Structures are given as C-alpha cells and as structure tokens.
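Report on one structure; see the data block that follows.
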Amino acid sequence: MLILTKSILALGLGFVSSILLGLVLIPVLKKMHIGQRISVFVGENHRKKEGTPTMGGLIFILSTLFVTLLLLVTKRLTYTTNLGIVLIIFIGYSLIGFLDDYLSIRRGNNEGLTEVQKLIGQVILALCFFFLYMKNGGQTALIISTLHINIEMGWIYGLFILFLLVGGSNAVNLTDGLDGLAGGLSAIAFIAFSLISMVVGYEDMGLFTFILVGSLVGFLVFNTYPAKVFMGDTGSLALGGVMSTIAVLTHREVTLAVVAGVFIFETLSVILQIIWLRVFHKKLFLMTPVHHHFEKLGWKEIDIVKLFWVIGLLLSMAGIFFGVWL
C-alpha cells in the first residue's frame, strides 16, 4: 500500500510541476523567439507550425528532476547507484539535445550538432554507464528466461549498452514528428516500465519513472494537437536514452523491443526506405518516418496519433505480460 501511495504521489507531483513550469516556460520561449523551423519537404499542414516554440522538453525534464530531488530530500525516494545512472543518462542526453537545438536555432536552420559530435557525447555517457554498472556488480549476460537463453557477453555488453542508448534516443527523435506522438507514446511506454520496475523489485526506478510519466502527461497538455510547444531534441534524446537505460538496469532488454515497438517501426521505416531506393530505385513508403506516409495518404494528424497511441498501449500491455509473468 505504501508503494502504491508513493507511486500516486510521484505521478501527481510530476504532473502538477510540469503544468506549472509549462505555463511559465512557454511564454519565455516565445519571447526569446526560440521557434521550430519546419522542413520544406513536409506538407502545408506542418508549414503553418513554423515558429512554434521548441526545446519544450525542458518542461518535463526540469519538473522530473525537481520532483526527484524533492522526494530524495524528504526520504520518500531512496538514492541508489541505479538511480544515479538513470539521472546521469537523463541529464546527459538532455544536454546533448539542448546543444543540438540551441545550435539549430542560432544558425537559423535544422543543422545543430554533427552526427560525430552526438556520437562522441553518447559514447562518453555509455562509458560512464558501463563503469558505474560494473562497479555496482551488474551482470553482463543477456538473459531471456522465457526462451531459456543466457548469453554471457563480458565487455561486449558495454557496446550493447551504447547500441541501445543510441538506438533508443534516435528512435524517439524520429518519432517526434506529429503533435503529441512521441510524448504520448513515451508516457505509455514508461507506464509499462514503471509497473515492471516495481514488480521485479526496483522501487527506485519505478518511482522515478512514475514521476516522468506525470511530467510527460503535464507536457502533453501543451503538446497535443494543436501543439503550443515542441519537445525538440532536448526532450526526445533524453526520453530514448533513459528508456533504454531502465530496460538494461531492470534486465528487461528484450521487453524494450516489445514496449517500444512503435518507435522501432518508425526507425525501421526510414532504414527500409533507404534500402528500397538503392536496390529498387523507388520508394517503399510515400514518406518516412512512417507517420508521414499516413499523412500523404490523407489521414488527419490527430487520427494518426490516436492510432499509434492505441498500438503503443497494446504493445505496452504485452510488454508487461512478457516482462513480468513469462
């Protein structure tokens, strides 16, 4: 009962703090003319969004960090090495995204950090992750008890962590193309990992994730159609990075592939489009990531988002079943 009370408290505080911060921060972003530049390749429905404030990921990032600190100080949340790793990745990826957004705005285009610069930052964070993880006695085996698989990876597990972090952050970043799409899917996925973390004995990460869910729902008040603010790379990179981190720390790496199924499909659509063009010299999808394909088919933006949310919810329920009971 105490854990349930703590979870509701974490969720509620995250939501309220996110709403209050959004009411303050969005006018500031507008005043500073921190607006999103829209690609010329998207449709007219997106062109009218030109100038919408970006870097809105600061809303759920700062509110999550504030509530986490509050619960730590008041002893409602216990600090652990795992929680420390989660915070390092969350803050680190936020900073990478922030620099990327800042440079894009300063240069007046969508070109911020180079891929090499991003990768260097991600490698440094992955090394910090692996060092702390091993120092805390972390396992380096990929275990899938359902399939009776136990693969000892040794130091290669560090590369596996890097792969998950880079893949996760880029997947959420690619999905962040429609109002509320990435934020809503992330909130749904993190609910799954909140419950999984609690059930398998990681209360620290479960409470942190509930805080993040509350903050994301508060952010969605401003980010759903028509969006008053975009999360930008500041938010999307942080969400993808921390989602992968929690999957590793709870030893539910394969569960991540189920819960984050929509994000993975969005990424695969881009990869398949490139391969298809090079091999067959024609497009497989009208436009990628795949949510733009549905737009080109004439679907309304809000209908695409609702469909993807429903699919994300079904996958999250399947992920909970796979990650806890199987």
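Can you confirm whether residue 7 is at pLDDT 95 or above and within 21 Å of the chain's Cα centre (by Cα)?
For residue 7, the condition - at pLDDT 95 or above and within 21 Å of the chain's Cα centre (by Cα) - is not met.
Go through (1) at pLDDT 95 or above; (2) surrounded by fewer than 22 Cβ atoms within 10 Å (Cβ to Cβ) and name the single condition residue 154 misses.
Only one criterion in (1) at pLDDT 95 or above; (2) surrounded by fewer than 22 Cβ atoms within 10 Å (Cβ to Cβ) is unmet by residue 154, namely (1).
I want to confirm something. Restricting to the stretch 167-187 and keeping residues that are open to solvent by 30 Å² or more (accessible area, probe 1.4 Å) and in a helix (DSSP H, G or I), which single residue is nearest to residue 255 (Cα to Cα)?
Top of the filtered list is 167.
Restricting to the stretch 219-252, count the residues that are out of contact with any strand residue (DSSP E or B) (no Cβ under 8 Å at 6 or more places or on another chain) and over 19 Å from residue 165 (Cα atoms).
Adding up the residues that qualify gives 9.
Which members of the stretch 237-281 meet the condition of being open to solvent by less than 10 Å² (accessible area, probe 1.4 Å) and not hydrophobic (A, V, I, L, M, F, W, C)?
Matches in the stretch 237-281: 240, 241, 244, 245, 250, 255, 266, 269.
Kindly provide the set of residues from the stretch 188-212 that are open to solvent by 10 Å² or more (accessible area, probe 1.4 Å) and of a type in the set (Ser, Thr, Tyr), ordered by number.
202
Please name all residue pairs, on different chains or six or more residues apart, with Cβ atoms under 6 Å, provided the first residue is in the stretch 91-120 and is more than 27 Å from residue 66 (Cα to Cα) and in contact (Cβ under 8 Å) with a residue 60 or more places away in the chain and the second residue is open to solvent by 70 Å² or more (accessible area, probe 1.4 Å) and of a type in the set (D, E, K, R).
Note: pairs meeting the criteria are 110/37.
Run down 312, 319 and say which single residue is in contact with a Lys or Arg (Cβ under 9 Å, 6 or more places away or on another chain) and within 30 Å of residue 203 (Cα to Cα).
Only one candidate passes the filter, namely 319.
For the stretch 103-131, give me the residue count where each residue is outside any helix (DSSP H, G or I) and polar (S, T, N, Q).
3
Using the structure shown, decide if residue 159 is in a helix (DSSP H, G or I), of a type outside the set (Lys, Arg), under 19 Å from residue 90 (Cβ atoms) and open to solvent by 90 Å² or more (accessible area, probe 1.4 Å).
no
Hey, among the residues in the stretch 198-223 that are at pLDDT 95 or above and of a type in the set (Ser, Thr, Tyr), which one's nearest to residue 6 (Cα to Cα)?
Going through the qualifying residues, I end up with 209.
Being open to solvent by 40 Å² or more (accessible area, probe 1.4 Å) and part of a loop (DSSP other than H, G, I, E, B) is the filter here, so list the residues in the stretch 47-98 that pass it.
Within the stretch 47-98, 48, 50, 51, 74, 75, 76, 78, 79, 80 qualify.
With 325, 299 as the choices, which residue is among the aromatic types (Phe, Trp, Tyr), out of contact with any Leu (no Cβ under 6 Å at 6 or more places or on another chain), exposed (fewer than 15 other Cβ atoms within 10 Å of the Cβ) and over 27 Å from residue 57 (Cβ atoms)?
325
Conditions first: (1) in a helix (DSSP H, G or I); (2) more than 25 Å from residue 96 (Cα to Cα); (3) open to solvent by 20 Å² or more (accessible area, probe 1.4 Å). Residue 226 passes all but one, so which condition is the exception?
Checking residue 226 against (1) in a helix (DSSP H, G or I); (2) more than 25 Å from residue 96 (Cα to Cα); (3) open to solvent by 20 Å² or more (accessible area, probe 1.4 Å), the one that fails is (1).
Could you grab me the full set of residues in the stretch 117-152 that are β-branched (Val, Ile, Thr) and within 18 Å of residue 83 (Cβ to Cβ)?
none
Inspect all residues belonging to the stretch 305-313 and state whether any of them is within 24 Å of residue 197 (Cβ to Cβ), in a helix (DSSP H, G or I) and small (Gly, Ala, Ser).
Checked against the condition, which is being within 24 Å of residue 197 (Cβ to Cβ), in a helix (DSSP H, G or I) and small (Gly, Ala, Ser), the stretch 305-313 yields at least one hit.
Name the pairs: first residue in the stretch 7-19 and farther than 14 Å from residue 72 by Cα, second residue open to solvent by 70 Å² or more (accessible area, probe 1.4 Å), Cβ to Cβ under 6 Å, at least 6 apart or on different chains?
From residues that are farther than 14 Å from residue 72 by Cα, the pairs are 17/66.
The values are calculated or read from the model by the stated rules, or taken from the named source; none is laboratory data. Quick caveat, the model's predicted, so the values are computed rather than measured. Every residue, glycine as well, gets a Cβ built from its backbone with ideal geometry; the counts of neighbours run over all protein chains shown. We work out accessible area using only protein heavy atoms, side chains counted, and drop any ligands, DNA or RNA first. Shrake-Rupley method; radii C 1.70, N 1.55, O 1.52, S 1.80 Å.
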